[in-house]
Amino acid sequence: MSRVIGIDLGTTNSCVAVIDGGKPVVIPNTGGYKTSPSMFAIAPDGKRLVGHLAKRQAITNARNTVYASKRLIGRRYDSPEMKRALDLFPYEIVEGPNQDARIVVAGKTFSCSEISGIILREMKRVAEEYLGEPVSDAVITVPAYFNDTQRQCTKDAGKIAGLEVLRIINEPTAAALAYGLGHNREEKIAVYDLGGGTFDISILELAEGVVEVLATAGNTFLGGEDFDRRIVDHVLELFKKTEGIDLSDDLMARQRLKDAAEKAKCDLSTLQTTEINLPFIANDHSGARHLNVEITRETLESLVGDIVERTMKSVEQCVADAGLDPRAIDHVVLVGGQTRMPLVQQLVTKYFGKPPHRGVNPDEVVAVGAAIQGRVLVSDERDLLLLDVTPLSLGIATFDGHFATLIQRNTTVPVRKSHVFTTTRDNQSAVKIRVLQGEAERADENHMLGEFVLSDIPPAPKGQPEIEVSFDIDANGIVNVSARDQSSGREQSITVRTTGTLSEDEIQQLVRENAEYELPGEA
Amino acid sequence: MGSSNGGSGEQERIPRLAPDLDPEDLELTPVEGFLLSRIDGATSWKTLCHIGGLSPLEVDRALERFEAKGVIVVEGKGGARAAKIAAAARDPKKALVDAKAQVDASLGIPVDLQQRILEFESGLERPYHELLGVDRSAEAKDIKRAYFKLSREYHPDRYYRRNTGHFGARLERIFRKVAEAYELLSDPTTRAEIEKSLASMPSPPEGEYRQAAPGTTERIGAEPAPPRGQRVPGRMENLERLRNRFKIPPKLLAERRVRARQLYQAARVSAHEGRFLEAAASMRLAIAFDPWEKEFKSGFSDIQAQVHAARAEALLKEAGDATAQGEALRLLEEALNYRPCHVETLKRVASLCIDARELEKAREYAEQLVEVEPEVAAHHALLAGVLRRQGLHAQASAALERGARVDARDPEIKAERLRQHRSRTRPGGAA
């Protein structure tokens with residue numbers, strides 16, 4: 001049986017794991033790191049760089065380095081998130097043919113799925129090198145709030161990377177699986193995930209190997225990188241005050257300072273004091289200048305305290321949305337490297353009234369959970385079952401432009417629901433069934449998945465024919481919609497596949513194209 | 001659809017009424033009575049699926065129930081088996097199914113599990129409590145535990161990537177029903193409804209047909225025809241609405257309202273300055289924060305209308321520039337999605353459809369046109385023209401007459417009258 005890898009395709013960092021000899025193993029890349037930056041760049045000499053290599057030149061080659069593209073995947077170019085990204089990101093974002101966002105790197109235009117595909121291909125390569133055998137099957141994680149298009153785009157990315165994506169699962173669910181929670185009695189679990197670029201909080205309910213998402217909240221523009229930025233700004237200001245030199249426009253100095261700030265932040269999770277030491281950071285008439293700043297844990301906490309407070313606001317909202325009291329939560333799970341910070345752990349402990357679970361490596365648990373689900377799917381182990389739900393409601397458009405929901409969001413699949421509709425004109429011979437997905441009341445504000453016409457309805461006064469419309473979603477999430485005229489027995493149906501922003505042809509083209517790129521490994 | 005029946009072999013079989021059957025003893029809905037009345041010993045299972053007045057899936061289920069209860073025997077299976085099933089049904093404790101014929105050792109499911117699946121599936125129409133194997137007085141957590149236990153056994157994922165043969169569809173059917181049972185029993189409101197209906201229904205003597213619990217799709221076929229353009233407010237839907245009621249603490253609610261109001265103000269500023277997409281986004285957020293405020297919704301509709309008008313305008317312009325007819329038609333149809341009742345667009349789309357010989361579509365659009373502006377004679381003439389091209393002469397002349405009643409001197413009406421006359425007098429000249 002071929003092995004299934006689990007990939008945590010993160011906004012800032014990605015991680016791959018596999019079950020080896022019955023135990024989950026997080027696979028280190030060639031450089032020995034267990035996570036790789038979700039970054040892609042094209043160097044001035046035209047070479048493609050992924051992961052740590054891309055990160056190391058991110059500031060000096062800012063226009064041709066793509067990071068955090070996960071924030072753009074599956075989103076429309078005119079969406080508010082995109083607007084924010086346009087202001088924030090140094091790389092060029094243009095509108096694609098399907099109102100999606102495309103990213104221009106060194107003159108070539110990439111879709112977001114393609115960028116994610118490049119990162120996934122790198123994770124696949126890392127796994128193959130470690131296992132010494134080809135890998136083709138993967139389970140990939142996404143945030144719980146991702147809609148079908150975003151999930152489909154992630155699947156497409158897997159395809160582009162040459163992977164068969166067995167399932168897309170939610171990140172908090174994967175984290176809970178990794179901690180082995182919920183095997184026995186019924187438990188409510190809060191997953192606090194503070195990653196590099198995003199913050200998510202989810203409340204899950206687990207019992208006897210079955211997982212349900214009760215509520216989810218968060219902030220897609222808040223994460224560990226904000227912490228780094230605060231440190232960088234603080235040091236820049238200090239340096240300006242003491243040395244009279246403003247380094248904020250010096251890209252090379254900033255790159256060094258950002259790397260050092262991140263390291264100092266990590267050090268302060270275990271130490272009380274650390275220093276940032278950057279020799280030869282600048283030059284002026286009096287010669288070379290060195291930067292040497294001491295930072296204490298208290299300083300860091302005063303710099304970023306408000307950010308951590310903000311995450312706690314989301315936590316409160318999410319717990320309230322789940323209709324629970326914080327004390328009713330049985331376990332709190334920390335995910336993401338930033339949760340190593342003692343201040344985060346203190347505030348979480350205080351709010352929930354119990355210490356959180358934290359494995360040694362909170363940035364690896366999601367990949368481990370994905371690997372576990374992959375293993376469960378293809379092996380004979382049966383102690384676990386993930387109940388998948390539809391992330392958004394499904395229904396059809398009515399004549400007056402409203403959205404009639406047939407399957408509510410968060411309904412467990414497989415599911416089948418049907419409803420009877422009728423005609424609106426005398427002797428109407430055909431009805432058009434428009435299949436939609438979304439939560440808006442008006443039909444046209446929702447996402448259209450497909451349409452078909454049921455014709456040859458026998459002449460009858462309006463309101464008399466009974467047309468039964470049925471929605472059927474199977475365990476793989478494939479939606480089948482049929483309409484049947486009760487009197488004539490005529491039936492029409494379509495199979496709807498949620499599409500990403502790429503067509504099948506485009507994906508195949510990209511699969512071929514990207515297979516040709518031999519990406520350089522980690523140094 | 002209808003894929004989840006027992007496979008093509010079953011479809012060709014011919015059901016007939018059991019010889020000792022007295023229909024008076026049964027408790028049936030009118031639709032089921034109708035279905036029973038269609039069983040004449042000559043009509044096949046497959047044909048019944050199409051004339052039964054129910055969806056094929058439901059006919060399947062109903063026939064399977066009839067068969068299990070000994071109401072009918074199915075030819076090709078042998079009377080002995082039917083008798084055995086009928087006997088088993090009279091003693092539900094021993095409700096074993098003679099499933100040997102359907103068990104297939106070559107599949108990726110152990111044979112004993114295959115048997116369990118078939119057995120469980122044969123009892124899918126039991127009341128929800130029985131299906132989950134819990135008492136009527138069971139606590140919520142027991143219901144959930146039972147659901148999880150059954151899920152782990154019957155969820156299709158358990159056999160992911162294995163050759164499940166016809167069991168794949170069976171597992172899906174089982175899981176859907178189990179999930180439905182859990183969904184309805186875990187909500188106090190729907191559970192009360194179910195218990196009420198169970199209590200009001202005297203427990204029928206064993207061996208007789210029993211109506212499935214309410215709230216299933218079973219009864220939808222018997223619902224009265226819904227009013228114009230409206231959804232049937234079915235029982236199921238009422239239950240769902242109750243279940244989806246929001247439960248948010250008052251303090252949080254107040255905060256959300258304030259937030260929603262701020263977003264609403266921001267949206268109005270954006271709209272005022274012509275940035276409609278931004279306005280729509282803020283308005284959508286406002287609604288998300290406070291879905292009860294009607295003002296937001298109407299504000300949103302206004303803004304959305306402006307966004308749509310702009311989009312439709314852009315599409316119309318693009319269509320005007322398009323040289324290929326197919327492309328223009330596609331753009332115009334898209335524009336109609338944004339402005340469904342726009343008369344000029346409807347007219348152009350209808351005539352482009354006529355040119356492209358897509359008469360079914362042309363008719364749909366012409367009918368919409370008449371619906372939107374019944375007082376314009378030319379629209380009636382257009383519809384009449386489409387019907388004439390379809391060869392539906394009687395309907396074409398009726399449409400023309402309706403137009404003539406609006407305005408007999410309208411030039412389009414006159415022209416169409418002439419064309420109708422010609423096509424009648426010249427056989428084959430329908431074009």
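Odds and ends about this structure:
- Dipole magnitude (debye, nearest 20) for chain A, charges at Cβ of Lys, Arg, Asp, Glu: 340 debye
- Around residue A:8: net Lys/Arg minus Asp/Glu count, Cβ-Cβ under 9 Å: -3
- Across A:155/B:144; A:188/B:144; A:23/A:124; A:417/A:462, pairs whose alpha-carbon gap is larger than 21 Å: A:155/B:144; A:417/A:462
- Only alpha carbons enter this Debye calculation for segment A:278-424, each as an equal point scatterer, and the log10 of I(q)/I(0) it gives at q = 0.10, 0.14, 0.16, 0.17 Å⁻¹ is -0.69, -0.98, -1.10, -1.14.
- Residue by residue along B:169-177, Cβ atoms of other protein chains within 10 Å of the local Cβ number 3 on average.
- Peptide B:275-285 has a mean shielding of 2, counted as Cβ atoms of other protein chains within 10 Å of each residue's Cβ.
- Each principal axis of segment A:28-69 carries a Cα extent, and these read 28, 21, 14 Å when sorted largest first.
- Rounded to 10°, Cα long-axis angle of helix A:112-131 versus longest principal axis of chain A: 70 degrees
- Qualifying trypsin sites (Lys or Arg not before Pro) for segment A:132-238 [loop in DSSP, other Cβ within 10 Å: at most 13]: A:185
- Scoring A:45-51, A:244-250, B:138-144 by mean Cβ neighbours within 10 Å over their residues and listing the highest first yields A:45-51, B:138-144, A:244-250.
- Per residue, the average separation of C-alpha pairs within less than 8 Å and at least 6 apart gives segment A:170-253 a relative contact order of 21 percent.
- The alpha carbon centroids of segment A:247-283 and segment A:400-426 are separated by 57 Å.
- Stokes-Einstein D (µm²/s) once Rh is taken as the Kirkwood radius of segment A:1-75 over alpha-carbon pairs, at 4 °C in 1.567 mPa s: 95 µm²/s
- Here, segment A:120-163 has an Rg and a Dmax of 11.8, 36 Å when only alpha carbons are counted.
- Length gained when the stretch residue B:314-residue B:405 is fully extended (0.36 nm per residue, less Cα-Cα span): 29.0 nm
- Column: log10 I(q)/I(0), Debye, Cα scatterers of segment B:111-172, q = 0.26, 0.28, 0.29 Å⁻¹: -1.15, -1.24, -1.28
- Segment A:274-368, relative contact order in percent, only Cα pairs under 8 angstrom and at least six apart counted: 20 percent
- Value of Rg to Rh for segment A:377-512 (Rh from inverse mean 1/r over Cα pairs, i.e. Kirkwood): 1.06
- Helix A:342-352 axis, angle to chain A major axis (alpha carbon atoms, nearest 10°): 40 degrees
- Rounded to the nearest 20, the size of the Cβ-charge dipole of segment A:52-172 about its Cα centre is 320 debye, with Lys and Arg at +1 and Asp and Glu at -1.
- Calculated on alpha-carbon atoms, Rg and Dmax of segment B:298-394 in Å: 14.4, 47
- Computed over segment A:6-141, Kirkwood Rh from alpha-carbon pairs, angstrom: 15.6 Å
- Protection proxy ranking of A:7-15, A:479-487 - average other beta-carbon atoms within 10 Å, highest first: A:7-15, A:479-487
- Percent RCO, i.e. relative contact order, over segment A:378-474, from Cα pairs under 8 Å lying at least 6 residues apart: 31 percent
- Using distinct alpha-carbon pairs, which all enter the 1/r mean, Kirkwood radius of segment B:355-418 in Å: 11.2 Å
- As a ratio to 2.2 N^0.38 Å, the alpha-carbon radius of gyration for chain A is 1.07.
- Segments A:280-292, B:183-195 sorted - mean Cβ within 10 Å per residue, highest first: B:183-195, A:280-292
- Lysines whose Cα lies under 21 Å from that of residue B:347, excluding same-chain neighbours fewer than 8 positions away: A:432, B:317, B:361, B:414
- Averaged over peptide A:416-429, the number of partner chain Cβ atoms lying within 10 Å of each residue's Cβ comes to 6.
- Two-decimal log10 I(q)/I(0) for segment A:64-169, as the Debye equation yields it once each C-alpha is a single scatterer, q = 0.10, 0.11, 0.16, 0.22 Å⁻¹: -0.29, -0.35, -0.71, -1.17
- Segment B:258-299 - Kirkwood radius from inverse mean 1/r over Cα pairs (Å): 9.6 Å
- For segment A:118-247: rounded, prolate or oblate by the Cα gyration tensor [a/c cutoff 1.5]: oblate
Coordinate-derived values only; no laboratory data. The structure presented is a predicted model; accordingly, all values stated were derived computationally and were not measured. When we count neighbours, we look across all protein chains shown, and the Cβ atoms used for this are built from the backbone with ideal geometry, even at glycine.
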